[in-house]
Amino acid sequence: MTKLGVLTFHRCINYGSFWQALCLVQGLRSLGAKPVVLDHRSDRVSRAEWRCALQPLLPAKTARADISLYALKIRKFLKAFGSFPLSAAFPLDEPFTPEDCDLVVVGSDEVWNFRHPWYGGVPLFYGEGLSAKRIVSYAATFGSHPAANGLESYWADKLRRFHAISVRDENSRTIIERALGRKAALVLDPCLQFPESIVACRNLANHRPYVAVYGHSFPSWFQQEARRWAASRSLCLVSIGYRNEWADEQWVDGGPYEFAGFIAEADAVVTNFFHGCVFALLNAKPFACTLSEYRSNKISDLTRLVGAQRHVVSQNTPPAGYESILGGAPDPAIADRLAELRRQSRNYLTDVLE
């Protein structure tokens with residue numbers, strides 16, 4: 001049996017990061033592997049993570065009444081981290097592979113994003129210090145680092161050690177192909193590839209109509225259109241994970257398992273987060289998404305990849321556009337495209353696990 005380590009951002013107070021790590025682990029198990037999550041630790045990162053979780057809307061300060069709610073959200077995440085099969089802990093900045101792994105899978109998440117506020121440019125995620133026989137990536141991404149900026153040879157040389165590379169967006173694939181002169185496989189985010197664990201969180205009892213709001217710092221025009229559409233359908237706007245004053249209700253302290261059920265039960269989703277789109281897609285929910293500077297690469301590439309470009313709205317989108325994308329089921333062609341991409345992604349994983 002191959003000793004397999006997964007290297008990712010497994011302690012982020014972020015719904016997407018939690019679920020893509022858990023789905024990747026569970027998915028690898030379904031393929032016959034026995035993965036452990038390589039448990040890197042850093043006081044510096046933990047302080048930054050918790051500071052951001054308590055003050056997510058900086059420079060706007062969190063209201064005193066919300067501090068306890070964000071703290072409860074953090075505690076729910078810390079408890080949920082117990083779902084991961086962990087290696088022995090080791091320091092992030094002095095990395096070594098605690099398990100004598102035959103194979104390390106790096107990803108998913110923004111493991112190569114130089115613009116990540118506390119993980120950016122950490123050599124471990126480029127394979128530095130890993131003594132595994134083979135290193136591969138799955139659905140890794142450079143996030144908001146644009147292909148036009150290229151990749152310095154220092155980092156490219158590290159990635160050349162990887163036996164196989166797969167990414168989840170065209171921006172990252174372009175960076176790899178230009179810098180390394182080799183093809184990178186395009187695969188699905190683990191949440192879309194292995195949604196079984198997420199689907200198990202559905203709880204459709206006592207369902208009441210609502211629109212899920214996921215994200216923060218939405219532009220005012222998007223807020224207005226989302227409110228207008230929801231009101232036209234007599235639907236309540238419920239914001240999870242963050243306070244959005246323009247929503248009708250707030251669920252600031254929702255944990256990762258609660259988040260999965262919340263999206264599954266929603267009538268529609270409005271978001272500006274990548275995994276807001278992902279969770280809407282895997283639940284076949286109508287959704288509207290607006291781009292932000294930090295997430296534009298990821299969201300634009302994802303929606304193009306699965307044929308859901310019309311769900312990305314702009315200030316020029318007319319009210320009829322919202323009615324079209326939020327008022328009915330997503331195009332069936334999206335499900336067909338996801339099924340095709342799941343086959344491709346599974347083929348990549350079975351090849352690297354051999």
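The values are calculated or read from the model by the stated rules, or taken from the named source; none is laboratory data. Being a predicted model, the structure only gives us computed values, none of them experimental. Please note: Cβ atoms are built from the backbone with ideal geometry, for glycine as well, and neighbour counts cover all protein chains shown.
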Subset of the range 290-309 that is without any contact (Cβ under 8 Å) to a residue 24 or more places away in the chain and part of a helix (DSSP H, G or I) - its residue that is surrounded by the fewest Cβ atoms within 10 Å (Cβ to Cβ)
309
Within the range 53-98, track down each residue that is more than 17 Å from residue 42 (Cα to Cα), out of contact with any strand residue (DSSP E or B) (no Cβ under 6 Å at 6 or more places or on another chain) and not in a helix (DSSP H, G or I).
55, 56, 57, 58, 59, 60, 61, 62, 63
Counting only residues in the range 310-354 that are more than 19 Å from residue 168 (Cα to Cα) and among the polar types (S, T, N, Q), the one surrounded by the most Cβ atoms within 10 Å (Cβ to Cβ) is identified as 317
Can you pull out the strands (runs of 3 or more DSSP E) entirely within the range 179-251 that have at least 3 residues that are on the phi > 0 side of the Ramachandran plot and assigned by TED's automatic domain parsing to the domain that holds residue 109?
none
Residues to consider are 196, 245; find the one that is among the acidic types (Asp, Glu) and under 18 Å from the mean Cα position of the chain (by Cα).
196
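Going by what's in this entry, would residue 161 be described as over 23 Å from the mean Cα position of the chain (by Cα) and assigned to a loop (DSSP other than H, G, I, E, B)?
Numbers: over 23 Å from the mean Cα position of the chain (by Cα): yes; assigned to a loop (DSSP other than H, G, I, E, B): yes.
The answer is yes for residue 161.
Quick check: anything in the range 89-102 of a type in the set (Gly, Ala, Ser) and either under 30 Å from residue 353 (Cβ atoms) or surrounded by 14 or more Cβ atoms within 10 Å (Cβ to Cβ) (or both)?
Filtering the range 89-102 for residues of a type in the set (Gly, Ala, Ser) gives 89.
Applying the additional criterion that residues be either under 30 Å from residue 353 (Cβ atoms) or surrounded by 14 or more Cβ atoms within 10 Å (Cβ to Cβ) (or both) yields 89.
Among the residues of the range 89-102, at least one is of a type in the set (Gly, Ala, Ser) and either under 30 Å from residue 353 (Cβ atoms) or surrounded by 14 or more Cβ atoms within 10 Å (Cβ to Cβ) (or both), which makes the answer yes.
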